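Trainee: First, the structure itself, so that you have it in front of you.
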Amino acid sequence: MAFYQRMGVVPQKRHTTFYKPDGGLYREQVMGTKGFSGIQSILYHHNPPTQVRETRKYADVRLEYVEQVDLKHQHFKTFDVHPGGDPIFGRRYMLGNNDVVMAVCAPTEPMDYFYRNADGDEVVFVHQGEGELQTIFGTLTYKPGDYLVIPIGTTYRIVPSVQSRFLVIESQNEIVPPKRYRNEYGQLLEHSPFCERDIRLPEKLVTHVESGDFEVRVKRQSVVYSYFFDFHPFDVVGWDGYLYPYALSVHDFEPITGRIHQPPPVHQTFAGQNFVICSFVPRMYDYHPQAIPAPYYHSNVESDEVLYYVDGNFMSRKGIYEGSITLHPMGIPHGPHPGKVEASIGKKETQELAVMLDTFHPLHVTKQALEIEDEAYMSSWLPPQE
(Lines give C-alpha, C1' and ligand atoms only; values in the text may rest on other atoms or scores of the structure.)
Protein backbone atom coordinates (compact mmCIF):
# COMPACT_ATOMS: atom_id res chain seq x y z
CA MET A 1 0.00 0.00 0.00
CA ALA A 2 1.31 3.42 -0.92
CA PHE A 3 1.02 5.23 2.39
CA TYR A 4 3.57 5.77 5.11
CA GLN A 5 3.53 3.67 8.28
CA ARG A 6 5.79 3.41 11.32
CA MET A 7 5.94 0.93 14.20
CA GLY A 8 8.24 0.61 17.18
CA VAL A 9 11.26 2.87 17.67
CA VAL A 10 13.29 4.38 14.82
CA PRO A 11 15.97 7.10 14.85
CA GLN A 12 15.23 10.67 13.84
CA LYS A 13 17.31 10.36 10.65
CA ARG A 14 17.87 7.30 8.48
CA HIS A 15 21.34 5.77 8.29
CA THR A 16 22.54 7.50 11.43
CA THR A 17 23.79 6.02 14.70
CA PHE A 18 21.04 4.26 16.66
CA TYR A 19 22.26 2.75 19.88
CA LYS A 20 20.90 -0.05 22.04
CA PRO A 21 20.67 0.46 25.80
CA ASP A 22 23.91 -1.54 26.16
CA GLY A 23 25.74 0.83 23.82
CA GLY A 24 25.81 -1.42 20.75
CA LEU A 25 24.37 -0.36 17.41
CA TYR A 26 21.05 -1.55 16.05
CA ARG A 27 21.47 -2.95 12.53
CA GLU A 28 19.67 -1.03 9.79
CA GLN A 29 18.15 -2.93 6.85
CA VAL A 30 16.61 -1.33 3.76
CA MET A 31 13.98 -3.62 2.27
CA GLY A 32 12.52 -2.43 -1.01
CA THR A 33 11.31 -3.32 -4.48
CA LYS A 34 12.76 -2.53 -7.91
CA GLY A 35 16.22 -1.88 -6.55
CA PHE A 36 16.10 1.50 -4.84
CA SER A 37 13.39 2.98 -7.07
CA GLY A 38 10.31 1.12 -5.76
CA ILE A 39 8.56 1.32 -2.41
CA GLN A 40 10.63 0.40 0.63
CA SER A 41 10.79 0.21 4.40
CA ILE A 42 13.75 0.45 6.77
CA LEU A 43 13.95 -2.03 9.66
CA TYR A 44 16.16 -1.90 12.75
CA HIS A 45 17.44 -5.26 14.06
CA HIS A 46 19.19 -6.37 17.21
CA ASN A 47 21.38 -8.60 15.02
CA PRO A 48 22.79 -8.34 11.48
CA PRO A 49 20.26 -10.13 9.19
CA THR A 50 23.24 -11.41 7.19
CA GLN A 51 24.61 -13.41 10.13
CA VAL A 52 23.71 -16.91 8.89
CA ARG A 53 25.24 -19.92 10.64
CA GLU A 54 24.39 -22.56 8.02
CA THR A 55 22.57 -22.89 4.69
CA ARG A 56 21.37 -25.88 2.72
CA LYS A 57 18.86 -26.78 0.04
CA TYR A 58 15.56 -27.90 1.54
CA ALA A 59 13.28 -28.85 -1.37
CA ASP A 60 12.57 -28.37 -5.04
CA VAL A 61 8.97 -27.12 -5.27
CA ARG A 62 8.56 -26.76 -9.03
CA LEU A 63 4.98 -27.51 -9.99
CA GLU A 64 4.10 -30.58 -12.00
CA TYR A 65 1.74 -29.49 -14.75
CA VAL A 66 -0.17 -31.76 -17.07
CA GLU A 67 1.51 -31.43 -20.45
CA GLN A 68 -1.64 -31.44 -22.54
CA VAL A 69 -5.19 -30.76 -21.36
CA ASP A 70 -8.10 -30.57 -23.78
CA LEU A 71 -9.51 -27.09 -24.37
CA LYS A 72 -12.57 -27.24 -22.13
CA HIS A 73 -14.16 -25.71 -19.07
CA GLN A 74 -13.10 -27.46 -15.88
CA HIS A 75 -14.42 -27.73 -12.33
CA PHE A 76 -12.26 -28.79 -9.37
CA LYS A 77 -13.83 -29.69 -6.01
CA THR A 78 -11.13 -28.54 -3.60
CA PHE A 79 -12.97 -29.68 -0.46
CA ASP A 80 -12.15 -33.19 -1.70
CA VAL A 81 -8.49 -32.44 -0.96
CA HIS A 82 -7.63 -33.96 2.41
CA PRO A 83 -6.37 -31.48 5.03
CA GLY A 84 -2.74 -31.85 5.94
CA GLY A 85 0.68 -30.28 6.15
CA ASP A 86 1.47 -26.82 7.46
CA PRO A 87 0.40 -23.42 6.03
CA ILE A 88 3.27 -23.49 3.49
CA PHE A 89 4.02 -27.09 2.58
CA GLY A 90 0.37 -28.06 2.97
CA ARG A 91 -0.48 -25.97 -0.10
CA ARG A 92 -2.03 -28.00 -2.91
CA TYR A 93 -1.38 -26.20 -6.19
CA MET A 94 -4.18 -26.25 -8.75
CA LEU A 95 -3.26 -23.86 -11.58
CA GLY A 96 -0.39 -21.66 -12.66
CA ASN A 97 1.76 -20.00 -15.29
CA ASN A 98 4.93 -17.89 -15.32
CA ASP A 99 3.11 -14.95 -13.68
CA VAL A 100 0.97 -16.48 -10.96
CA VAL A 101 0.01 -19.76 -9.26
CA MET A 102 -3.08 -20.72 -7.24
CA ALA A 103 -3.24 -23.19 -4.37
CA VAL A 104 -5.60 -24.30 -1.62
CA CYS A 105 -4.49 -25.20 1.88
CA ALA A 106 -6.16 -26.74 4.93
CA PRO A 107 -3.21 -27.14 7.32
CA THR A 108 -3.20 -29.52 10.26
CA GLU A 109 0.42 -29.05 11.37
CA PRO A 110 2.17 -26.00 12.87
CA MET A 111 5.06 -24.16 11.27
CA ASP A 112 8.18 -24.92 13.33
CA TYR A 113 10.18 -22.60 11.04
CA PHE A 114 9.80 -19.21 9.37
CA TYR A 115 9.20 -18.62 5.66
CA ARG A 116 10.16 -16.04 3.06
CA ASN A 117 8.99 -15.96 -0.55
CA ALA A 118 11.76 -14.29 -2.58
CA ASP A 119 9.96 -14.82 -5.91
CA GLY A 120 7.06 -12.39 -5.49
CA ASP A 121 4.08 -11.18 -3.46
CA GLU A 122 1.46 -13.49 -1.98
CA VAL A 123 -2.24 -13.06 -1.27
CA VAL A 124 -3.66 -15.51 1.26
CA PHE A 125 -7.47 -15.48 1.29
CA VAL A 126 -8.93 -16.84 4.52
CA HIS A 127 -11.91 -19.04 3.66
CA GLN A 128 -12.27 -20.51 7.15
CA GLY A 129 -10.59 -20.15 10.51
CA GLU A 130 -8.84 -17.61 12.68
CA GLY A 131 -5.28 -17.06 13.79
CA GLU A 132 -2.25 -14.85 13.35
CA LEU A 133 0.02 -13.84 10.52
CA GLN A 134 3.28 -13.21 12.38
CA THR A 135 5.85 -11.23 10.40
CA ILE A 136 9.08 -9.31 10.73
CA PHE A 137 6.89 -6.16 10.55
CA GLY A 138 4.57 -7.27 13.36
CA THR A 139 1.50 -9.42 13.86
CA LEU A 140 -1.85 -9.35 12.04
CA THR A 141 -4.81 -11.34 13.32
CA TYR A 142 -6.95 -12.93 10.63
CA LYS A 143 -10.53 -14.10 10.34
CA PRO A 144 -12.78 -15.49 7.57
CA GLY A 145 -12.96 -13.24 4.52
CA ASP A 146 -9.57 -11.61 5.01
CA TYR A 147 -7.12 -11.08 2.18
CA LEU A 148 -3.61 -11.19 3.70
CA VAL A 149 -1.22 -9.38 1.35
CA ILE A 150 2.40 -10.39 2.01
CA PRO A 151 5.14 -8.49 0.13
CA ILE A 152 8.05 -10.25 -1.50
CA GLY A 153 10.91 -10.98 0.91
CA THR A 154 8.79 -10.77 4.07
CA THR A 155 9.80 -13.29 6.74
CA TYR A 156 6.62 -14.71 8.28
CA ARG A 157 4.73 -17.64 9.67
CA ILE A 158 1.00 -18.39 9.86
CA VAL A 159 -0.28 -19.57 13.23
CA PRO A 160 -3.90 -20.82 13.12
CA SER A 161 -5.80 -20.80 16.42
CA VAL A 162 -8.52 -23.03 14.95
CA GLN A 163 -8.75 -25.19 11.84
CA SER A 164 -8.21 -22.88 8.86
CA ARG A 165 -8.66 -23.12 5.13
CA PHE A 166 -6.93 -20.79 2.67
CA LEU A 167 -6.90 -19.90 -1.00
CA VAL A 168 -3.35 -18.82 -1.87
CA ILE A 169 -2.30 -16.74 -4.88
CA GLU A 170 1.45 -16.42 -5.38
CA SER A 171 2.77 -13.87 -7.86
CA GLN A 172 6.10 -13.47 -9.61
CA ASN A 173 5.77 -9.72 -9.11
CA GLU A 174 4.00 -7.17 -6.94
CA ILE A 175 0.27 -7.24 -6.13
CA VAL A 176 -1.29 -3.79 -5.71
CA PRO A 177 -4.69 -2.03 -5.76
CA PRO A 178 -5.77 -1.28 -9.34
CA LYS A 179 -4.21 1.85 -10.81
CA ARG A 180 -7.57 3.33 -11.80
CA TYR A 181 -8.56 3.46 -8.12
CA ARG A 182 -5.51 5.58 -7.19
CA ASN A 183 -4.43 9.15 -7.87
CA GLU A 184 -0.91 10.16 -8.90
CA TYR A 185 0.17 10.11 -5.23
CA GLY A 186 -1.15 6.60 -4.58
CA GLN A 187 -4.19 7.65 -2.54
CA LEU A 188 -7.33 5.61 -3.15
CA LEU A 189 -9.97 7.70 -4.93
CA GLU A 190 -13.63 8.19 -4.08
CA HIS A 191 -14.86 5.71 -6.70
CA SER A 192 -12.68 2.92 -5.30
CA PRO A 193 -14.70 0.05 -3.73
CA PHE A 194 -12.45 0.22 -0.64
CA CYS A 195 -10.30 2.88 1.00
CA GLU A 196 -7.38 3.23 3.39
CA ARG A 197 -9.72 2.97 6.40
CA ASP A 198 -10.46 -0.61 5.36
CA ILE A 199 -6.77 -1.59 5.36
CA ARG A 200 -5.60 -3.33 8.54
CA LEU A 201 -1.90 -2.96 9.31
CA PRO A 202 0.17 -5.04 11.74
CA GLU A 203 -1.38 -4.54 15.17
CA LYS A 204 1.67 -5.08 17.35
CA LEU A 205 5.41 -5.38 16.99
CA VAL A 206 6.87 -7.96 19.37
CA THR A 207 10.66 -7.83 19.49
CA HIS A 208 12.39 -11.16 20.17
CA VAL A 209 15.90 -11.09 21.56
CA GLU A 210 16.29 -14.76 22.48
CA SER A 211 19.13 -16.90 21.18
CA GLY A 212 18.76 -20.44 19.90
CA ASP A 213 18.41 -22.41 16.69
CA PHE A 214 16.02 -20.74 14.22
CA GLU A 215 15.30 -21.82 10.65
CA VAL A 216 14.07 -19.53 7.88
CA ARG A 217 13.05 -21.29 4.67
CA VAL A 218 13.47 -19.08 1.62
CA LYS A 219 11.91 -19.80 -1.78
CA ARG A 220 13.76 -18.54 -4.82
CA GLN A 221 13.06 -19.68 -8.41
CA SER A 222 10.87 -22.51 -7.09
CA VAL A 223 13.57 -23.98 -4.86
CA VAL A 224 13.40 -23.69 -1.06
CA TYR A 225 16.59 -23.20 0.95
CA SER A 226 17.04 -23.43 4.72
CA TYR A 227 18.90 -20.65 6.49
CA PHE A 228 19.85 -21.23 10.14
CA PHE A 229 20.34 -18.38 12.62
CA ASP A 230 21.49 -18.26 16.24
CA PHE A 231 18.87 -15.61 17.01
CA HIS A 232 15.14 -15.15 16.48
CA PRO A 233 14.42 -13.56 13.05
CA PHE A 234 11.78 -11.26 14.57
CA ASP A 235 14.41 -9.14 16.34
CA VAL A 236 13.18 -5.82 14.90
CA VAL A 237 12.69 -2.92 17.36
CA GLY A 238 11.16 -0.57 14.81
CA TRP A 239 10.57 0.12 11.14
CA ASP A 240 9.03 2.72 8.86
CA GLY A 241 8.17 3.09 5.20
CA TYR A 242 5.71 2.03 2.54
CA LEU A 243 6.38 -1.71 2.30
CA TYR A 244 4.63 -4.02 4.81
CA PRO A 245 1.98 -6.75 4.99
CA TYR A 246 -1.65 -5.78 5.43
CA ALA A 247 -5.14 -7.26 5.56
CA LEU A 248 -8.30 -6.30 3.67
CA SER A 249 -11.57 -8.03 4.46
CA VAL A 250 -13.70 -9.01 1.49
CA HIS A 251 -16.65 -7.93 3.66
CA ASP A 252 -15.32 -4.34 3.48
CA PHE A 253 -15.35 -4.39 -0.32
CA GLU A 254 -18.20 -2.07 -1.41
CA PRO A 255 -19.72 -3.40 -4.67
CA ILE A 256 -20.29 -1.12 -7.65
CA THR A 257 -23.78 -1.60 -9.08
CA GLY A 258 -25.85 -0.01 -11.85
CA ARG A 259 -29.16 0.02 -13.71
CA ILE A 260 -27.88 -2.66 -16.08
CA HIS A 261 -25.26 -5.37 -15.80
CA GLN A 262 -21.82 -4.24 -14.61
CA PRO A 263 -18.86 -6.11 -16.16
CA PRO A 264 -16.31 -8.03 -14.05
CA PRO A 265 -13.75 -5.16 -13.84
CA VAL A 266 -16.01 -3.42 -11.28
CA HIS A 267 -15.21 -6.33 -8.92
CA GLN A 268 -11.45 -5.90 -9.27
CA THR A 269 -9.63 -5.77 -5.94
CA PHE A 270 -5.94 -6.27 -6.78
CA ALA A 271 -3.74 -6.17 -9.86
CA GLY A 272 -0.59 -8.14 -10.62
CA GLN A 273 1.63 -8.52 -13.66
CA ASN A 274 -0.64 -10.06 -16.32
CA PHE A 275 -3.46 -10.93 -13.88
CA VAL A 276 -6.18 -9.40 -11.70
CA ILE A 277 -7.96 -10.56 -8.54
CA CYS A 278 -11.66 -9.74 -8.14
CA SER A 279 -14.20 -10.06 -5.32
CA PHE A 280 -17.82 -11.06 -5.94
CA VAL A 281 -19.70 -10.00 -2.81
CA PRO A 282 -23.36 -9.72 -1.68
CA ARG A 283 -24.89 -6.81 -3.59
CA MET A 284 -28.04 -5.32 -5.08
CA TYR A 285 -28.86 -6.50 -8.59
CA ASP A 286 -29.34 -4.21 -11.59
CA TYR A 287 -32.36 -1.94 -11.21
CA HIS A 288 -33.40 -1.14 -14.79
CA PRO A 289 -37.01 -2.38 -15.11
CA GLN A 290 -35.97 -4.77 -17.89
CA ALA A 291 -32.58 -5.72 -16.47
CA ILE A 292 -31.21 -9.25 -16.74
CA PRO A 293 -29.05 -9.71 -13.63
CA ALA A 294 -27.36 -12.89 -14.92
CA PRO A 295 -24.17 -12.16 -16.89
CA TYR A 296 -23.76 -12.41 -20.64
CA TYR A 297 -22.55 -15.41 -22.53
CA HIS A 298 -19.04 -14.24 -23.25
CA SER A 299 -15.78 -15.38 -24.77
CA ASN A 300 -12.52 -15.02 -22.89
CA VAL A 301 -10.65 -14.08 -26.03
CA GLU A 302 -7.45 -13.03 -24.25
CA SER A 303 -7.74 -14.27 -20.67
CA ASP A 304 -8.34 -17.36 -18.58
CA GLU A 305 -11.02 -16.94 -15.90
CA VAL A 306 -10.86 -18.76 -12.56
CA LEU A 307 -13.53 -18.54 -9.87
CA TYR A 308 -13.15 -19.82 -6.32
CA TYR A 309 -16.57 -20.19 -4.67
CA VAL A 310 -16.64 -19.20 -1.00
CA ASP A 311 -20.25 -18.96 0.11
CA GLY A 312 -23.84 -18.39 -1.01
CA ASN A 313 -25.75 -19.41 -4.11
CA PHE A 314 -23.90 -18.29 -7.23
CA MET A 315 -26.71 -17.09 -9.45
CA SER A 316 -25.34 -18.14 -12.85
CA ARG A 317 -24.15 -21.64 -11.91
CA LYS A 318 -25.48 -25.02 -10.90
CA GLY A 319 -23.58 -28.01 -9.54
CA ILE A 320 -21.09 -25.73 -7.77
CA TYR A 321 -20.05 -26.25 -4.16
CA GLU A 322 -18.26 -24.39 -1.41
CA GLY A 323 -14.58 -24.51 -2.31
CA SER A 324 -15.21 -25.21 -6.00
CA ILE A 325 -12.74 -23.81 -8.54
CA THR A 326 -13.91 -23.33 -12.12
CA LEU A 327 -11.54 -22.67 -15.00
CA HIS A 328 -12.99 -21.07 -18.14
CA PRO A 329 -10.06 -20.85 -20.60
CA MET A 330 -9.58 -18.33 -23.37
CA GLY A 331 -10.91 -19.25 -26.79
CA ILE A 332 -14.30 -20.74 -25.95
CA PRO A 333 -17.44 -18.96 -24.65
CA HIS A 334 -19.05 -19.58 -21.30
CA GLY A 335 -21.96 -18.08 -19.42
CA PRO A 336 -25.03 -18.89 -17.35
CA HIS A 337 -26.18 -22.46 -17.05
CA PRO A 338 -29.55 -23.43 -18.61
CA GLY A 339 -32.45 -21.66 -16.92
CA LYS A 340 -30.27 -19.26 -14.95
CA VAL A 341 -30.92 -16.24 -17.22
CA GLU A 342 -34.68 -16.59 -16.90
CA ALA A 343 -34.48 -17.29 -13.17
CA SER A 344 -32.47 -14.12 -12.54
CA ILE A 345 -35.06 -11.75 -14.04
CA GLY A 346 -36.79 -9.77 -11.30
CA LYS A 347 -34.33 -10.78 -8.56
CA LYS A 348 -33.27 -7.90 -6.33
CA GLU A 349 -30.03 -9.07 -4.74
CA THR A 350 -27.47 -11.83 -4.46
CA GLN A 351 -25.66 -13.24 -1.42
CA GLU A 352 -22.85 -14.89 -3.39
CA LEU A 353 -19.23 -14.65 -2.26
CA ALA A 354 -16.39 -15.65 -4.57
CA VAL A 355 -12.82 -14.75 -5.50
CA MET A 356 -11.89 -14.49 -9.18
CA LEU A 357 -8.46 -14.69 -10.82
CA ASP A 358 -8.22 -13.55 -14.44
CA THR A 359 -4.91 -14.17 -16.19
CA PHE A 360 -3.77 -12.77 -19.52
CA HIS A 361 -1.52 -15.73 -20.30
CA PRO A 362 -2.89 -19.29 -20.37
CA LEU A 363 -2.98 -21.26 -17.15
CA HIS A 364 -1.64 -24.79 -16.80
CA VAL A 365 -3.41 -27.45 -14.75
CA THR A 366 -1.54 -29.52 -12.17
CA LYS A 367 -1.84 -33.26 -11.70
CA GLN A 368 -3.21 -32.59 -8.20
CA ALA A 369 -6.08 -30.61 -9.73
CA LEU A 370 -7.03 -33.41 -12.12
CA GLU A 371 -7.43 -35.76 -9.16
CA ILE A 372 -10.43 -33.71 -7.96
CA GLU A 373 -11.90 -32.72 -11.34
CA ASP A 374 -15.64 -32.92 -12.02
CA GLU A 375 -15.50 -34.61 -15.43
CA ALA A 376 -19.12 -33.71 -16.26
CA TYR A 377 -18.63 -29.94 -16.01
CA MET A 378 -18.09 -29.24 -19.73
CA SER A 379 -21.44 -30.84 -20.56
CA SER A 380 -23.33 -28.95 -17.83
CA TRP A 381 -24.57 -26.36 -20.35
CA LEU A 382 -26.57 -28.97 -22.32
CA PRO A 383 -30.35 -28.77 -22.02
CA PRO A 384 -31.87 -30.96 -19.30
CA GLN A 385 -32.73 -34.44 -20.55
CA GLU A 386 -36.46 -35.09 -20.91
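Trainee: For segment 213-228, what are the residues that are over 18 Å from residue 137 (Cβ atoms) and either modelled with pLDDT of 95 or more or in a strand (DSSP E or B) (or both)?
Mentor: 213, 215, 217, 219, 220, 223, 224, 225, 226, 227, 228
Trainee: In segment 229-261, what residues are open to solvent by 50 Å² or more (accessible area, probe 1.4 Å) and assigned to a loop (DSSP other than H, G, I, E, B)?
Mentor: Within segment 229-261, 242, 254, 256, 257, 259, 260 meet the criteria.
Trainee: In segment 177-190, which residues are surrounded by fewer than 18 Cβ atoms within 10 Å (Cβ to Cβ) and either under 19 Å from residue 140 (Cα atoms) or free of Cβ contacts under 8 Å to residues at least 40 places away in the same chain (or both)?
Mentor: Matches in segment 177-190: 180, 183, 184, 189, 190.
Trainee: Can you find, within segment 24-55, the residue that is nearest to residue 174 (Cα to Cα) among those that are among the β-branched types (Val, Ile, Thr) and without any contact (Cβ under 8 Å) to a residue 24 or more places away in the chain?
Mentor: Across segment 24-55, the extreme among qualifying residues is 30.
Trainee: If I go through segment 166-187 residue by residue, how many of them are within 22 Å of residue 105 (Cα to Cα) and touching a helix residue (DSSP H, G or I) at 6+ places or on another chain (Cβ under 9 Å)?
Mentor: The qualifying residues number 1.
Trainee: Something else: Name the residues in segment 266-277 that are over 11 Å from the mean Cα position of the chain (by Cα), within 28 Å of residue 347 (Cα to Cα) and surrounded by 19 or more Cβ atoms within 10 Å (Cβ to Cβ), would you?
Mentor: Across segment 266-277, the qualifying residues are 267, 268.
Trainee: When both residues are 6+ apart or on different chains and their Cβ atoms are under 6 Å apart, which pairs have a first residue that lies in segment 199-215 and is of a type in the set (Ser, Thr, Tyr), and a second that is modelled with pLDDT of 95 or more and open to solvent by 70 Å² or more (accessible area, probe 1.4 Å)?
Mentor: Within 6 Å, the pairs are 211/230.
Trainee: Further, regarding this structure: Only one of 269, 366 is modelled with pLDDT of 95 or more, closer than 24 Å to residue 172 by Cα and touching a Gly at 6+ places or on another chain (Cβ under 8 Å); which?
Mentor: Matching residue, one of 269, 366: 366.
Trainee: Before we move on, is residue 63 at pLDDT below 95, open to solvent by less than 80 Å² (accessible area, probe 1.4 Å), at negative phi and not in a strand (DSSP E or B)?
Mentor: Yes: the conditions hold for residue 63.
Trainee: Kindly indicate the residue of segment 18-37 that is farther than 18 Å from residue 238 by Cβ and within 24 Å of the chain's Cα centre (by Cα) and also least open to solvent (accessible area, probe 1.4 Å) among those meeting that condition.
Mentor: Within segment 18-37, the match that is least open to solvent (accessible area, probe 1.4 Å) is 33.
Trainee: If you don't mind, there's one more thing I want to ask. Look at residue 73 and say whether it is out of contact with any Gly (no Cβ under 9 Å at 6 or more places or on another chain), on the phi < 0 side of the Ramachandran plot and open to solvent by less than 50 Å² (accessible area, probe 1.4 Å).
Mentor: yes
The values are calculated or read from the model by the stated rules, or taken from the named source; none is laboratory data. Being a predicted model, the structure only gives us computed values, none of them experimental. A quick note on method: Cβ atoms are made from the backbone with ideal geometry, for glycine too, and the neighbour counts reach across all protein chains shown. Just the protein is used for accessible areas: all its heavy atoms, side chains included, with ligands, DNA and RNA removed. Shrake-Rupley method; radii C 1.70, N 1.55, O 1.52, S 1.80 Å.
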